[in-house]
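The values are calculated or read from the model by the stated rules, or taken from the named source; none is laboratory data. These figures come from a predicted structure and were not determined experimentally. Glycine also receives a Cβ, built like all others from the backbone with ideal geometry; neighbour counts cover every protein chain displayed. Note: accessible area is taken over every heavy atom of the protein model, side chains too, but ligands, DNA and RNA are not part of it. Shrake-Rupley method; radii C 1.70, N 1.55, O 1.52, S 1.80 Å.
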Amino acid sequence: MANETNNFAELISHCKEYGYIFQSSEIYDGLAAVYDYGQNGAQLKKNIRDYWWKSMTQMHDNIVGIDAAIFMHPTTWKASGHVDNFSDPMIDNKDSNKRYRVDHLIEGFADEQSAAGNGQLAEEVLKSMDALLAKDDYAGLKKLIEDNKMKCSISKTCNWTEVRQFNLMFSTEFGAVASDNPDDNKVYLRPETAQGIFVNFLNVQKTGRMKIPFGIAQTGKAFRNEIVARQFIFRMREFEQMEMQFFIRPGSQMEWYNFWKNERKKWHESIGIPAEKLRFHDHVKLAHYADAALDIEFEFPFGWKELEGIHSRTDFDLKQHQEYSKKKMQYFDNDIDPVTNKPYGNYIPYVVETSVGLDRLFLTIISLSYAEEKWNKEDGTEDSRVVLKIPAKIAPTKLAILPLVKKDGLPEIARQLMDECKSSFMCFYEEKDAIGKRYRRMDAIGTPFCVTIDHQTKEDNTVTIRYRDTMVQERIALSDVKKLVLEKIS
Ligand code: GAP
């Protein structure tokens, strides 16, 4: 029926105009790669988080959730390898002093080449980059950049420094005690939520009497001093992760890795992402803690990019924490090993991790939902709308309740319906402006159902319900509104 276009720049301004996402501290010209969620954005984000939390904890009887602090003992990050390894190769342009992450510079160059019809060169460059990154060959990466005359976007020159490592963790000072050595009071803002789970592994296992295999889930803020932070909320310096560490018997990691890989893809489909917009991408270069890793990628408006990571982390983290804390991280498994006919006994569990960025998932949902539609009306004139077709079960507001006019007792009936529904789901009441204008506003914020109370309501207790995605309207009993909405969002 409608012509649809999808435009990323328009989506960003739409997010601002309709209270989804604002630039952080905008009145001071903003803070790069930091964003605030407005009244509709915060609710959508909460609904996505709740959907993840429920499917992880409530729907799996062997997964429990925790909420660890952002600040952790600094040794945590030494043990996890983040102090020494959580860095990316960077290169600076000597003329503009602009710093680039090497992979982003090369990927940007490859995108330009593809757009200019040089797909083969783009492919070759990316292949070389993967091979060089896998070997930590920084001189080779610099040569690749120079040989292909990759330019700084500001100075437009190829005058590059050597490639160097740059740690991505933010640090701050703890307490008020002055010290000659600033490292004495140094604490980090966590760059991932996972370590809060590892250090609590035994607390949860013992107090929850958890038996392997079991999982610990957590959602919360993480911080990374990203050098090239771009593409709106795709890469931020302060963001939120939803992570689950699944503790398993050593040797069973590939079985669980494949299980969670498929389970997580199915979950993304269940929230409304079409299967053809998702794909797996196996890692070429494994992180220091992993023996297998892949990304679940989504086709964002700017290309295929990582949405979630699935990592087989072996016993790396627990072993490291055992070594640095001198506290045993072992689990006693009294199940019988069919090979030896004896209990499996004591071991440090292996871990398969699922880790998805909440903001990235938000961007996925909102970019899939945004549509600019145009169609011809029966009288031949054109009509249009901008609509957010957010799946009803996670839409910020589920139902708009709209009295046709501000008099004749219609607002009272509408308020009564509002009182009946608001404890079960988010409702919005509005009586200003013509009804068509109110429908368009609800389309723009993504409200899936609108109910209009009119004069006929007073006669026969029926209302008009309008469906956002099809714009179809039908007459239903006032007493059925709550039941119908609950059915559609469950
Ligand atoms: N604990 C493992 C871990 O943190 P990761 O691949 O670095 O793994 C997991 O991050 C997920 O966190 C990513 O797939 C992405 O969705 C999200 N993420 C990572 N860095 C981000 C950033 N700067 N901004 C927004 N989301 C980010």
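So which residues in the range 268-279 are closer than 25 Å to residue 214 by Cβ and within 16 Å of the ligand (Cβ to nearest atom)?
268, 271
Looking at residue 457 and the list (1) polar (S, T, N, Q); (2) in a helix (DSSP H, G or I); (3) surrounded by fewer than 19 Cβ atoms within 10 Å (Cβ to Cβ), which single condition is not satisfied?
Of (1) polar (S, T, N, Q); (2) in a helix (DSSP H, G or I); (3) surrounded by fewer than 19 Cβ atoms within 10 Å (Cβ to Cβ), only one is false for residue 457: (3).
From the list 242, 210, pick out the single residue that is open to solvent by less than 30 Å² (accessible area, probe 1.4 Å) and away from the ligand (no atom under 16 Å from the Cβ).
Working: 242 fails: away from the ligand (no atom under 16 Å from the Cβ).
Exactly one of 242, 210 is open to solvent by less than 30 Å² (accessible area, probe 1.4 Å) and away from the ligand (no atom under 16 Å from the Cβ), namely 210.
Among what's in the range 205-238 and is without any contact (Cβ under 8 Å) to a residue 24 or more places away in the chain and of a type in the set (Lys, Arg), pick the residue that is farthest from residue 91 (Cα to Cα). Can you show your working first?
Quick first cut of the range 205-238, residues without any contact (Cβ under 8 Å) to a residue 24 or more places away in the chain only: 206-207, 209.
Now narrow it down to the ones that are of a type in the set (Lys, Arg): 206, 209.
Numbers: 206: 47, 209: 49 Å.
My answer is 209.
Taking the range 73-108 as the region of interest, how many residues are part of a strand (DSSP E or B) and open to solvent by less than 10 Å² (accessible area, probe 1.4 Å)? Step through it out loud before you land on a result.
Just the residues of the range 73-108 that are part of a strand (DSSP E or B), to begin with: 87-93, 99-101.
Keeping just the survivors that are open to solvent by less than 10 Å² (accessible area, probe 1.4 Å) gives 90-91, 93.
Residues flagged as part of a strand (DSSP E or B) and open to solvent by less than 10 Å² (accessible area, probe 1.4 Å) within the range 73-108 amount to 3.
What pairs come out if I take residues in the range 175-192 that are more than 16 Å from the ligand (Cβ to nearest atom) and pair them with residues that are at pLDDT 70 or above and of a type in the set (Phe, Trp, Tyr) whose C-beta lies under 8 Å away, six or more apart or interchain?
185/174; 186/174; 187/71; 187/174
Could you list, in sequence order, all residues of the range 386-411 that are within 26 Å of residue 9 (Cα to Cα), touching a strand residue (DSSP E or B) at 6+ places or on another chain (Cβ under 8 Å) and open to solvent by 10 Å² or more (accessible area, probe 1.4 Å)?
386, 389, 392, 397
Within 22 Å of the chain's Cα centre (by Cα) and in contact (Cβ under 8 Å) with a residue 24 or more places away in the chain: is that true of residue 100 in this structure?
Values: within 22 Å of the chain's Cα centre (by Cα): no; in contact (Cβ under 8 Å) with a residue 24 or more places away in the chain: yes.
Answer is no for this residue.
Take residue 230 and decide whether it is open to solvent by 60 Å² or more (accessible area, probe 1.4 Å), more than 12 Å from the ligand (Cβ to nearest atom) and either modelled with pLDDT of 95 or more or within 23 Å of residue 37 (Cβ to Cβ) (or both).
no
Go through the range 186-202 and give me each residue that's part of a helix (DSSP H, G or I) and open to solvent by less than 10 Å² (accessible area, probe 1.4 Å).
Taking the range 186-202 and keeping what is part of a helix (DSSP H, G or I), we get 194-198, 201-202.
Those that are part of a helix (DSSP H, G or I) and open to solvent by less than 10 Å² (accessible area, probe 1.4 Å): 194, 195, 196, 197, 198, 201.
Restricting attention to the range 247-267, does a residue exist that is on the phi < 0 side of the Ramachandran plot, in contact (Cβ under 8 Å) with a residue 24 or more places away in the chain, within 10 Å of the ligand (Cβ to nearest atom) and in contact with an Asp or Glu (Cβ under 9 Å, 6 or more places away or on another chain)?
no
Here are 414, 371: which of them is away from the ligand (no atom under 16 Å from the Cβ), open to solvent by less than 30 Å² (accessible area, probe 1.4 Å) and in a strand (DSSP E or B)? Steps first, answer last, please.
On the way: 414 fails: in a strand (DSSP E or B).
After applying the criteria, what remains is 371.
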